[in-house]
Every structure is written in C-alpha cells, then in structure tokens.
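Presented below is the structure to which this report refers.
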Amino acid sequence: MVECGCLREPLSPEACAALADIPVAAMARLGRYVELLHRWQMAMNLVSARSLADPWRRHILDSAQLLPLLPSRTRVLVDLGSGSGFPGLVLAMLGVPEVHLIESDGRKCVFLAEAARAGGLEPGRNPIIHRARIEALEGWPADAITARACAPLDRLLDYAAKFVTPATECLFLKGENVGSELTEAEKQWKMRIERHASRSDPSGIVLRLRHIERATSRTNRIP
C-alpha cells in the first residue's frame, strides 16, 4: 500500500521496534504506556483522537527517533511542555538517565506519573515531573532539551534559555511551518542548525540546535 498522509496503515509495535531499534524490555514498557494512553483518553483529552488510530507511529516512533540524535553521554534531559509525555517520557523509558518533564496541567501530571509507574519507572527519580509553568522554574544545566507542539521556535528558545549551557543541544519536533519559525527565531538567536527529516511524519522536521546564543550577544553564550 502506498503511504499517503492519513491513508497509511497503522504502524505495528513490531515495525516500530525495528525502525527505532527498540529492545524487547523497552517495548514492554512502551506497550503498557500505549494501553494506558488509550484508557485515559476516554476520560480526558490527552492527544488527538485521530493520532490514537496510529499511536506507534504518531507518538512512539515520533519520540524515539530523537534518541540517536541526543548528545553522546546525555544524562540530564529537560522536556518542555510535556503534555502526555511525548517525547520526554518515551526517552526516559528508552534509558535516558534523568528526564525532567515540565507540565502545568495537573491532570496531565497525574497521567505522567501513572504512565511512568506502568512502564516500570520511578516518578520523582526518573522521570522527575514538574507541575509548573516553564517560566516559573529557576532552571538548571541540561545536556539536552526537547519539545513537541509546545510553542513557536522563538518562544521555545526563550523557555529553554535557563537550561542551556555551551554544550546543550535542543531537539525540537516541528512541522511544515519550520521555515518561517526559523526566520523569526533568527532575529533574536544565533545557533548552529541541523534539519533531520522526521521518520514518523512526511511533513515533519527534527530541528537539532547547538551553540545557542542571543543575537544581541556575540561573545557571551547563555546563561
């Protein structure tokens, strides 16, 4: 069958595991996560209903594709606007040692904790769930920062600034408006940009940003 947008056949768990090189133990954790997502979706709007027709592509593969793009020896990862846990909780289940999920919606934070426990993780140790607005947090050094469907790029970089060191890399999942978002962001920020085609969405792009600094400061990188 020719894949064409929403006409694609749903991706099976086995195909997702093969595409993202996910080990058996992690697949068991992710399977419980997907099951819980379906159950909780009936009570609260966690993700779009359409995406649940193809969860292994739209959510698991979409998140897991970031793992090989993370900086080597990534230990601390900050996920901005975590929502239902994509991509941050998936990356925790795939072995990133210290994942911080930042989400202001209390009900979604409860879901994140339950999903982490269902996946055999220990909320509070990994992942660490912050029920807060990003702007309200003090910030700390992160090796990597991720986000999906959180905010336009210029605002994402404002949010990320308090976690950025000279070695930090940002991985942001973006759609077809990525060009205009980059144009706007580059009015305020200087950065090294890599674009990687999404493995889950033909119109998607993974932005990998490094050496991030405000455009008004040519010598001093943040913080």
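The values are calculated or read from the model by the stated rules, or taken from the named source; none is laboratory data. Only a predicted model underlies this, so the values are computations on that prediction, with no experimental measurement involved. Ideal geometry is used to build each Cβ from the backbone, glycine not excepted, and the neighbour counts take in all protein chains shown.
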Residues (surrounded by fewer than 19 Cβ atoms within 10 Å (Cβ to Cβ) and either closer than 20 Å to P23 by Cβ or of a type outside the set (A, V, I, L, M, F, W, C) (or both)) located in segment 35-63: E35, H38, R39, Q41, N45, S48, R50, S51, D54
Candidate set from segment 156-178 (those that are in contact with a strand residue (DSSP E or B) (Cβ under 9 Å, 6 or more places away or on another chain) and over 19 Å from I134 (Cα atoms)); member that is surrounded by the most Cβ atoms within 10 Å (Cβ to Cβ): K174
Pairs where the first residue, in segment 191-207, is on the phi > 0 side of the Ramachandran plot and touching a residue at least 12 places away in the same chain (Cβ under 8 Å) and the second is surrounded by 16 or more Cβ atoms within 10 Å (Cβ to Cβ) and not in a strand (DSSP E or B), C-beta under 7 Å, 6+ apart: none
Evaluation of G120 against (1) exposed (fewer than 15 other Cβ atoms within 10 Å of the Cβ); (2) on the phi < 0 side of the Ramachandran plot (one fails), failing number: (2)
Residue ID - surrounded by the most Cβ atoms within 10 Å (Cβ to Cβ), chosen from residues in segment 123-141 that are touching a strand residue (DSSP E or B) at 6+ places or on another chain (Cβ under 8 Å) and in a loop (DSSP other than H, G, I, E, B): P127
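Looking at segment 91-117, which of the residues that are assigned to a helix (DSSP H, G or I) and either of a type in the set (D, E, K, R) or modelled with pLDDT under 95 (or both) is farthest from R133 (Cα to Cα)? Walk me through it before giving the result.
Of all residues in segment 91-117, those assigned to a helix (DSSP H, G or I) come to 91-93, 106-117.
When the remaining residues are screened for being either of a type in the set (D, E, K, R) or modelled with pLDDT under 95 (or both), the result is 107-108, 114, 117.
Numbers: R107: 14, K108: 13, E114: 20, R117: 23 Å.
Of everything passing the filter in segment 91-117, R117 is farthest from R133 (Cα to Cα).
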The one condition in (1) aliphatic (A, V, I, L, M); (2) part of a loop (DSSP other than H, G, I, E, B); (3) touching a helix residue (DSSP H, G or I) at 6+ places or on another chain (Cβ under 8 Å); (4) more than 30 Å from L36 (Cα to Cα) that L182 fails to fulfil: (2)
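Could you tell me whether G119 is within 30 Å of P10 (Cα to Cα), in contact with a Phe, Trp or Tyr (Cβ under 7 Å, 6 or more places away or on another chain) and touching a residue at least 12 places away in the same chain (Cβ under 8 Å)?
Numbers: within 30 Å of P10 (Cα to Cα): yes; in contact with a Phe, Trp or Tyr (Cβ under 7 Å, 6 or more places away or on another chain): yes; touching a residue at least 12 places away in the same chain (Cβ under 8 Å): yes.
Criteria met by G119.
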Some residue of segment 126-143 being within 20 Å of L209 (Cβ to Cβ) and within 11 Å of the chain's Cα centre (by Cα): no
Segment 64-90, residues that are touching a helix residue (DSSP H, G or I) at 6+ places or on another chain (Cβ under 7 Å), in a loop (DSSP other than H, G, I, E, B) and either among the hydrophobic types (A, V, I, L, M, F, W, C) or under 13 Å from A20 (Cα atoms) (or both): Q65, L66, F86
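Provide a single number: the residues in segment 154-179 that are farther than 15 Å from R208 by Cβ and in a loop (DSSP other than H, G, I, E, B). If you could, list the steps in order and put the result at the bottom.
Of segment 154-179, the ones farther than 15 Å from R208 by Cβ are 154-155, 158-159, 161-163, 165-166, 175-177, 179.
Right, trim to in a loop (DSSP other than H, G, I, E, B) and you get 165-166, 175-177.
The number of residues fulfilling the criteria is 5.
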Number of the exception - R73 against (1) touching a Lys or Arg at 6+ places or on another chain (Cβ under 9 Å); (2) at pLDDT below 95; (3) not β-branched (V, I, T): (1)
